[in-house]
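Here the structure is laid out as structure tokens; the discussion comes afterwards.
The values are calculated or read from the model by the stated rules, or taken from the named source; none is laboratory data. Being a predicted model, the structure only gives us computed values, none of them experimental. Cβ coordinates were reconstructed from backbone atoms using ideal geometry, including for glycine residues, and neighbour counts include every protein chain displayed.
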Amino acid sequence: MTNIFKSRAFRITAGLIVTGFALWLSFRKVDWILLRDTFLHVNLFWVALAVLNSLITVYALGIRWQILLNPEKKVSLFELFRLNIICQCVNIIVPARLGEVLRAYLVSKRHKISGAYAMGTIVIEKVFDFFTFLAFWILVPPLLAVKEQLKGYKLALIFCFLMFLIIFILIWKREGVLKLGKKLSLLVPRKYRERFIDFFDRSLNAFNMLKSFKTLLLLLFLSLLFVGSMILTNYFLFLAFGLELSVWVALFLILALQVGSIPPSSPGKVGIFEYMVILSLALFAVPKSEALSYGLLLHAVSYLPKILLGLIFISQLDISLKKKYHLNENETVSTK
């Protein structure tokens, strides 16, 4: 029974069912005339600004990653932007967050960085992102007076404390964590144990830089800046639709969409994305048809540019790999 629930076919089927149900809920009892009129009156200037800001957000992510990678090697911001776009494109199209693994692999192979260290930097990024969103999840609902309408609020407080504890252990109790890693290696086949321990050790090395209070504050500031940039994208689209909603509502919408990304669905979170927008904006008296039109456009602004750019960057990456292969082949021929 356990194998059935873990099977790929089951996950795909569950995702399609959830997506279909969310789409039905999103488009059920929609005023199609109001939906059409809402799109016709969208201010394209603010839409263009939202698209631009969405891409700037990804570029800004490169600054944080550059700091984390710096002890191993200095990588250009544009290169990190390309890799982040490829990662996000793959995450949108392919389930299971495989883009993060691909990002670590590409930066390690292209720039001769330890793959374990690269993976460690990505883990640090995710820890900071998780902690930042969790902190906002605790702070924002009381400001918007919707605390009572949210489930799991106290649970978020507990998670926040646990995140503090985990970060402290990874930074200041490295030897203890490494000992735990060695014990876990006993679960790995004997011929892979040394590799597992080496990978575990190198991954922990990425956390050493967090012992610097200055670096810790800088990374926290950049994480907050990242969320702030996402807020701007939502807010620009509020202006595009003429919705008189505050930046706090824009932030609340981000938090709701993060929660909506948890259940399985089809690639791109089709249906779930729109329904979470409808539910969130309903708390602020936005009619369903207007909320749906906003959700559809926000979905397009957030995903389409990254998919298109990601496919372009991936094709360039393939070309560069082919060139490298042909060069090696020619060198081999000339040597002979």
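Filtering the stretch 121-152 to residues that are of a type outside the set (A, V, I, L, M, F, W, C), modelled with pLDDT under 75 and touching a Phe, Trp or Tyr at 6+ places or on another chain (Cβ under 8 Å) leaves Pro141, Lys147.
Arg193 falls short of the stated requirement of being in a helix (DSSP H, G or I), more than 22 Å from the chain's Cα centre (by Cα) and at pLDDT below 70. Output the residue which, of all residues in the stretch 233-268 that are polar (S, T, N, Q), part of a loop (DSSP other than H, G, I, E, B) and under 20 Å from the mean Cα position of the chain (by Cα), is modelled with the highest pLDDT. If we take residues in the stretch 233-268 being polar (S, T, N, Q), part of a loop (DSSP other than H, G, I, E, B) and under 20 Å from the mean Cα position of the chain (by Cα), then Ser261 is modelled with the highest pLDDT.
Residues are listed down the side, and each one gets a yes or a no for (1) modelled with pLDDT of 90 or more; (2) within 15 Å of Phe207 (Cβ to Cβ); (3) β-branched (Val, Ile, Thr); (4) within 18 Å of the chain's Cα centre (by Cα):
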position	(1), (2), (3), (4)
Lys73	no, no, no, no
Asn84	yes, no, no, yes
Val94	no, no, yes, yes
His111	no, no, no, no
Ala116	no, yes, no, no
Met119	no, yes, no, yes
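For the stretch 54-69, filtered to residues that are surrounded by fewer than 20 Cβ atoms within 10 Å (Cβ to Cβ) and free of Cβ contacts under 8 Å to residues at least 60 places away in the same chain, the residue that is farthest from Thr233 (Cα to Cα) is Gln66.
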